[in-house]
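In what follows, a single structure is set out as structure tokens and then discussed.
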Amino acid sequence: MTSKIWGGRFQDATDAVLEAINVSIDFDKRLWPQDIEASLAHVAMLEACGIVSQADAEKIADGLVRIRQEIESGAFVFSRKLEDIHMNVEARLAELIGPAAGRLHTARSRNDQVAVDFRLYIRDCIDRIDAQLHDLQQALAEKALAEAASVMPGFTHLQSAQPVTFGHHLLAYVEMISRDRGRFQDARRRLNESPLGAAALAGTSFPIDREMTARALGFDRPTANSLDSVSARDFALETLAAAAICATHLSRFAEEIVLWTTSQFAFVSLSDKFTTGSSIMPQKRNPDAAELVRGKSGRIIGALQALLIVMKGLPLAYSKDMQEDKEGAFDSLDSLALCIAAACGMTRDMTVNAQRMRAAAGAGYATATDLADWLVRALGLPFREAHHVTGRIVGIAEARGLGLEELELSDLQGVEPRITEDVFGVLGVERSVESRTSYGGAAPSNVRAQAQSWLKRLEAERP
């Protein structure tokens, strides 16, 4: 007869291949804090409902606390023969307290056990990631306030478009991260229901109190359908979707850091803390931290795709396919946490070359839109006509290798005779950004106000 805990009807040992494909302890052992927490809540409920005696419940609770201490100290030996974290804990509990350990699994299954453990784990990850994203927002907002008036080129199609400020650019990422935090918080609210007590798929005939265990574990309520309780993994999918979107934002920021630190851009520099050298080219300073943030976005996005594919064809309720829900999620959320830390570190570390950014902001006829707007305001031209006039003036400047502000008034009047000397007041990049005072615009006054508003809000959120 097989020695497996579940092996009552089995006579022969499992094949080594099945052992290898079935075992999950190598990765799901990280669920041990959640598994012990949920088991302590479960046994307390069993005692309160008169399902397990006080004496047995105390033995079980004492044994679980001892196992927690063993794992924390490194003394606990995880066994692949016991398949998963649940069986490892239960087997050790039996060694410590004897037959009473067998009462812990009353009115529950590994199906609802893993579902509650995984929800608790994802919830803990969301809380840690939210704290990290808070710190990243603060770093970005602080840098934005310091660089509120540092003029830089704004780009579309990676071509110089209109002048903005570096502070304004960084605040764009503060807004993105804010939405990322909102997605994680939404996911947390939806996952915060307890599946414990759904048992294998149909609930249990024991008079359990699911409200009690839900409260003990910090859930808002128990899940309402036992089939859904054990088969749902949309809480992980939603969290991984939020992670994938967040990783995309971090990757875009990382790509910009890579560009900004090139000698061709030279907008910012990173210190030795966040760069590496070359094995052959002694002059190199490579932005490896940024490149790896950009690269790791692929595995974070991939984890979402992998779990979607695992889940898409599964009938209700539980199937062993769902064991594949964890490795990708663990890796994705670990990778995201590392990427956030790197982005936060690089933001605080970077030195801004305001002079270089200012020079680049004046290139590429970035104030052409300001000229067109002036023609509309001062001369009453329809914007489309002003756009055409400005395009002809840009063509003249480009042919002569001059900036718009370097043309003579007579050059401008040769295209539109009503242009006056006042036009030169809008052709400088500083005046261009100062004029962008519409809500959300790039004016330094706006940037300072927005950065200060964010810093005040973030300080109020701090525990």
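The values are calculated or read from the model by the stated rules, or taken from the named source; none is laboratory data. Treat the numbers as computed from the prediction; the structure is a model and nothing was measured. Here the Cβ positions follow ideal geometry from the backbone for every residue, glycine too, while neighbour counts run over all protein chains shown. Side chains included, ligands, DNA and RNA excluded: accessible areas come from the protein's heavy atoms. Shrake-Rupley method; radii C 1.70, N 1.55, O 1.52, S 1.80 Å.
Key figures for this structure:
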read-out: Carbon plus sulfur fraction of accessible area for the range 16-103, probe 1.4 Å, in percent; value: 52
read-out: Those lysines that a straight Cα-Cα span of less than 18 Å connects to Lys456, excepting residues fewer than 8 apart in one chain; value: Lys143
read-out: Stokes-Einstein D in µm²/s, Kirkwood radius over Cα pairs - the range 1-154 at 37 °C with 0.692 mPa s viscosity; value: 178
read-out: Listed residues Lys456, Lys143, Lys29 arranged by accessible area, highest first, probe 1.4 Å; value: Lys456, Lys29, Lys143
read-out: Karplus-derived HN-Hα couplings along the range 210-221 (A = 6.51, B = -1.76, C = 1.60, θ = phi - 60°), whole Hz, x at Gly and Pro; value: 6, 4, 5, 5, 4, 5, 4, 9, x, 7, 6, 5
read-out: Diffusion coefficient, µm² s⁻¹, Stokes-Einstein with Kirkwood Rh over alpha-carbon pairs of the chain at 20 °C and 1.002 mPa s; value: 81
read-out: Per residue accessible area in Å² of the range 16-103, where ligands, DNA and RNA are left out and the probe is 1.4 Å; value: 47
read-out: For the range 389-463: accessible area per residue (Å², 1.4 Å); value: 58
read-out: FRET efficiency estimate (nearest 0.05) - Cβ-Cβ, Phe206 to Ala460, R0 45 angstrom; value: 0.45
read-out: Sparse-neighbourhood loop sites, chymotrypsin sites (Phe, Trp or Tyr not before Pro) in the range 373-451 - DSSP loop, at most 12 other Cβ within 10 angstrom; value: Tyr439
read-out: When each of Lys81/Lys326; Lys59/Lys81; Lys29/Lys320; Lys59/Lys326 is checked by Cα-Cα distance, pairs over 29 Å; value: Lys59/Lys326
read-out: Rule-of-thumb Rg ratio for the range 86-201 [Cα; 2.2 N^0.38 Å; N residues]; value: 1.82
read-out: Neighbour cut-off at most 13 other Cβ (10 Å), DSSP loop, trypsin sites (Lys or Arg not before Pro), the range 199-286; value: Lys284
read-out: Relative contact order for the chain, counting Cα pairs under 8 Å that sit 6 or more residues apart, in percent; value: 17
read-out: For Thr276, residues with placed amide H under 5 Å, excluding near neighbours; value: Asn286, Asp288
read-out: Mean Cα-pair separation over length for the range 16-103, i.e. relative contact order, pairs under 8 Å, 6 or more apart, %; value: 41
read-out: Residues whose placed amide H lies under 5 Å from that of Thr165, excluding near-sequence neighbours; value: Met152
read-out: Karplus 3J(HN,Hα) series, Hz, for the range 368-382 with 6.51 cos²θ - 1.76 cosθ + 1.60 (x for Gly, Pro); value: 4, 5, 4, 5, 4, 4, 5, 4, 5, 5, 7, 10, x, 6, x
read-out: Relative intensity, log₁₀ I(q)/I(0), of the range 16-103 from a Debye sum that treats every alpha carbon as a point, q = 0.13 Å⁻¹; value: -0.43
read-out: Estimated vicinal HN-Hα couplings, Hz - the range 196-201 in sequence order (Karplus 6.51, -1.76, 1.60; Gly, Pro = x); value: 4, x, 6, 6, 5, 5
